[in-house]
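Here the structure is laid out as C-alpha cells; the discussion comes afterwards.
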Amino acid sequence: MTEAAAVAAESLAGSKARAARTVLGQVVLPGEELLLPEQEDVEGPGNAGERPLRLNAGVRSRVRVVCGPGLRRCGDRLLVTKCGRLRHKEPSGGSSGGGGVYWVDSQQKRYVPVKGDHVIGIVTAKSGDIFKVDVGGSEPASLSYLAFEGATKRNRPNVQVGDLIYGQFVVANKDMEPEMVCIDSCGRANGMGVIGQDGLLFKVTLGLIRKLLAPNCEILQELGKLYPLEIVFGMNGRIWVKAKTIQQTLILANVLEACEHMTADQRKQIFSRLAES
Amino acid sequence: MRKRLNSWSWRMEGTTQTDAKIRTEYGTDSSSRGPGCSLRHFACEQNLLSRPDGSASFLQGDTSVLAGVYGPAEVKVSKEIFNKATLEVILRPKIGLPGVAEKSRERLIRNTCEAVVLGALHPRTSITIVLQVISDAGSLLACCLNAACMALVDAGVPMQALFCGVTCALDTDGTLMLDPTAKQEKEARAVLTFALDSVEQKLLMSTTKGLFSDAELQQCLAAAQAASQHVFRFYRESLQRRYSKS
C-alpha cells in the first residue's frame with residue numbers, strides 16, 4: 001500500500017502541467033495539460049485574481065492564443081487531445097511574447113473537412129443541381145454545378161460520375177454537410193476544377209501532405225529536377241501525379257509514398273540514384 | 001514492395017528493443033517474476049495495418065490482441081446520434097463465432113472508451129474498434145483495453161485522457177497477483193479487472209469474478225493504480241519511438 005501511495009504521489013508530480021514553451025517539438029499525449037507563457041510568471045493559475053495592480057496590466061494580458069488541431073481550452077490551460085509533436089507559430093504582427101498558434105502535428109489517416117482546405121474528391125453521384133463528392137471524410141461533400149468557372153444555368157460543366165475534382169471547402173463544420181466549390185471569390189478557377197483523364201491517384205497520411213506543402217519543401221524541388229511532372233496535393237491525403245510515361249508516374253508515386261519515413265540523408269541517396277538511372 | 005519490407009523490419013526491431021528495455025528496467029519477465037506484484041513484459045506495434053485509420057497490436061506476456069480503428073466515418077441512419085459519435089466495439093475470438101462472453105466484454109470496452117473519447121467533436125459519425133484475439137494466455141480484457149487505447153491514439157481520435165487495463169487475481173490464501181496468466185486465473189479465488197485513466201488514475205470501469213472482501217478490493221485497486229504507471233510510461237516510450245522518425 002505504501003509503495004502504491006508513493007508511486008501515485010510521484011505520478012502526480014510527473015503529470016503536473018508543463019509549460020507549453022518547454023515542450024515545443026516534443027511528443028505530447030492525450031490528457032496532458034499545458035501552461036501558457038503568461039501563466040508561468042504568475043506562479044500558478046490560483047492567485048491570478050490577486051495580481052498586484054499595474055498601470056499597463058491591460059497591455060500584458062492581451063495575448064492572443066489560438067488552439068489548433070489536437071488542443072482544447074480547459075479553463076486557462078491547454079488540454080492535449082491527440083498524440084503528436086507540439087508546434088507553435090508566432091503571431092504575424094511581430095513577437096509580442098507568448099501569443100500565436102499552438103497545434104499538435106499528428107500522423108493520422110482519416111480526414112476531417114476544414115473550411116478553406118483544398119482537397120481532391122471523387123464524384124460519386126449526380127442529383128439535380130448538385131454533385132456528391134467523396135473526399136474521405138465522414139460524409140460526402142456537396143458541389144453545386146454553378147460553382148465552376150464560367151458555369152451558368154444554361155452552360156453546365158461537363159462532370160461525370162467517377163471524375164476527380166480539385167476544389168476548396170466553403171462550408172465545413174461538424175454539424176453540417178460540407179460544401180465544396182471550384183472557383184475562388186473572384187469567380188476564377190485558379191487551378192481548381194475537374195482533373196484530366198490520365199495520371200495516378202494515391203493516398204498518403206495527412207502528415208506527409210502537410211510536410212510536402214510546407215514552403216520550400218526540398219522533396220518537391222528534388223522531384224521537379226528529376227522529371228517534368230504535373231502534381232496535385234489534396235489536404236485530405238490524396239495525391240494525383242502525372243509524368244510523361246506511365247513508368248515515370250509510378251516511380252514518382254513510389255518515391256512520394258516512401259519518403260515519409262526516410263531521413264534527409266536517405267532521401268538524398270534515393271534521388272541521386274534515380275538521377276543516375 | 002522493398003519499402004514495405006524495410007519498414008516492417010525496422011518495426012520488428014523496435015518491438016524487440018522495447019521488450020528488452022522493459023524487461024531489464026522492471027525485471028518483469030514472465031519466468032522471473034517475483035511473488036505476484038509485477039507485470040509480464042509488454043510490447044506494442046502501431047500502424048501495422050494499411051486499411052484501417054488506426055491500428056495497434058498489444059502483447060502482454062503470451063496474450064496478444066490486434067486492434068483496428070475506423071473513424072470518424074459514415075454512420076448508418078439507424079445508429080446515428082445527433083450530438084455525438086456512435087462508438088462501436090467488435091471483439092473477435094481466436095476461433096469460432098463471438099458468444100455471450102465476447103458481447104459482455106465488448107460492452108465493457110465500449111463504456112470505457114466512451115468515457116475518454118471526445119465524441120461531441122464528431123457528431124453523426126461512427127468510430128468502430130475491431131479487436132481480434134490472437135492468443136489468450138490470461139488477462140485478456142486488460143490486453144484488449146490496452147490495444148484499443150493504442151489504436152485510438154494511432155487513429156488520431158480526440159481523447160481527454162489515455163486509459164489502460166490492469167487485471168489482478170487473488171489467490172486462495174489472499175496473495176495478490178498482477179497480470180495473471182491463464183493458469184493463475186483459473187486457480188484464483190477472485191479475478192478483478194480495472195480500467196484507469198492517465199490523468200488522475202481514476203477508475204473508469206471495473207469487472208470482477210469471485211469472492212473478495214472490501215479491503216481486498218481497495219488493495220487490488222491500489223496495486224492496479226501503481227501498475228498503471230508502468231503501462232502509461234510504456235505508452236509514452238512507444239509513442240515517442242513512433243514519432244522519432246519524421
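The values are calculated or read from the model by the stated rules, or taken from the named source; none is laboratory data. Worth saying up front: this structure is predicted, and the values here are computed from it rather than measured. Note: ideal-geometry Cβ built from the backbone for every residue, glycine included; neighbour counts use all protein chains shown. Quick note on the areas: whole protein, heavy atoms, side chains included, nothing else; ligands and nucleic acids left out. Shrake-Rupley method; radii C 1.70, N 1.55, O 1.52, S 1.80 Å.
Segment A:155-173 and segment B:89-150 have Cα centres separated by 38 Å. Placing +1 on the Cβ of every Lys and Arg and -1 on the Cβ of every Asp and Glu, with nothing else charged, gives segment A:117-194 a dipole about its Cα centre of roughly 360 debye.
The calculated FRET efficiency for B:L121 paired with A:Q269, based on their beta-carbon distance and R0 = 51 Å, is about 0.75. Derived scalar couplings between HN and Hα for segment B:62-79 equal 9, 7, 9, 10, 10, 10, x, 10, 10, x, x, 10, 5, 10, 5, 4, 5, 9 Hz in order, rounded to whole Hz, by the Karplus curve 6.51 cos²θ - 1.76 cosθ + 1.60 (θ = phi - 60°), x for Gly and Pro.
Using the Karplus relation 6.51 cos²θ - 1.76 cosθ + 1.60 with θ = phi - 60°, the per-residue 3J(HN,Hα) values for segment A:141-158 come to 8, 9, 9, 6, 6, 7, 8, 10, 5, x, 7, 10, 4, 8, 9, 7, x, 8 Hz, with x marking Gly and Pro. Taking the Cα centre of segment B:100-246 as origin and assigning +1 to Lys and Arg Cβ atoms and -1 to Asp and Glu Cβ atoms, the resulting dipole is close to 560 debye. Once backbone amide H atoms are built at 1.01 Å from N, A:G84 has A:V28 as its partners under 5 Å, excluding neighbours fewer than 5 places away on the same chain. Once neighbouring chains are kept in place and the probe is 1.4 Å, which whole percent of the accessible area of segment B:137-188 is contributed by carbon and sulfur? Percent of accessible area from carbon and sulfur atoms in segment B:137-188: 50. With a 1.4 Å probe on protein heavy atoms only, tell me which residues of segment B:109-131 lose at least 50 Å² of accessible surface in the complex relative to the chain by itself. Correct list: B:L121, B:R124. With all protein chains kept in place, the per residue accessible area of segment A:117-194 amounts to 50 square angstrom at a probe of 1.4 angstrom. Placing R0 at 30 angstrom, the Cβ-Cβ distance between B:Q218 and B:D62 gives a FRET efficiency of 0.50 after rounding to 0.05.
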